[in-house]
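Undergrad: What follows is a structure written as structure tokens; I'll ask about it next.
The values are calculated or read from the model by the stated rules, or taken from the named source; none is laboratory data. The model shown is predicted, which means the values in this text are computed figures rather than measured ones. Glycine gets a Cβ as well: all are built from the backbone with ideal geometry, and neighbour counts include every protein chain shown.
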Amino acid sequence: MHPQPKNPLHGLTLEFILTRLVEHYGWEELGRRIEVRCFILDPSIKSSLKFLRQTPWARSQVENLYLDTFA
């Protein structure tokens, strides 16, 4: 791997990012902020990770919300 000193998400897994957001906002508020079905209907970390790994625009929104919240 190449070092990424200017990437604030370097070293963070998508699972870690999602878990922190769920702990901070809860599923209901997360679903309001990022309107995707996996956050609104029967949400779980596992199903959300599967969706986010296959959907670049949604993953980008999750990563941006993480940065806005915790950076």
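Undergrad: Can you confirm whether PRO3 is modelled with pLDDT under 95, surrounded by 12 or more Cβ atoms within 10 Å (Cβ to Cβ), of a type outside the set (Lys, Arg) and over 11 Å from the mean Cα position of the chain (by Cα)?
TA: Answer is no for this residue.
Undergrad: From ARG32, ARG37, ARG53, grab the single residue that is free of Cβ contacts under 8 Å to residues at least 60 places away in the same chain and within 11 Å of the chain's Cα centre (by Cα).
TA: Going through ARG32, ARG37, ARG53 in turn, just one is free of Cβ contacts under 8 Å to residues at least 60 places away in the same chain and within 11 Å of the chain's Cα centre (by Cα): ARG53.
Undergrad: Another question, then. Here are some conditions: (1) surrounded by 12 or more Cβ atoms within 10 Å (Cβ to Cβ); (2) in contact (Cβ under 8 Å) with a residue 60 or more places away in the chain. ALA71 meets all but one. Which one does it not meet?
TA: Just one mismatch for ALA71, condition (1).
Undergrad: Further question on the same structure: Which one is surrounded by the fewest Cβ atoms within 10 Å (Cβ to Cβ) among residues in the range 16-50 that are among the small types (Gly, Ala, Ser) and outside any loop (DSSP other than H, G, I, E, B)?
TA: If we filter the range 16-50 for residues that are among the small types (Gly, Ala, Ser), which is where we start, we get 26, 31, 44, 47-48.
From what's left, outside any loop (DSSP other than H, G, I, E, B): 26, 31, 47-48.
Values: GLY26: 12, GLY31: 17, SER47: 14, SER48: 24.
Here the residue is GLY26.
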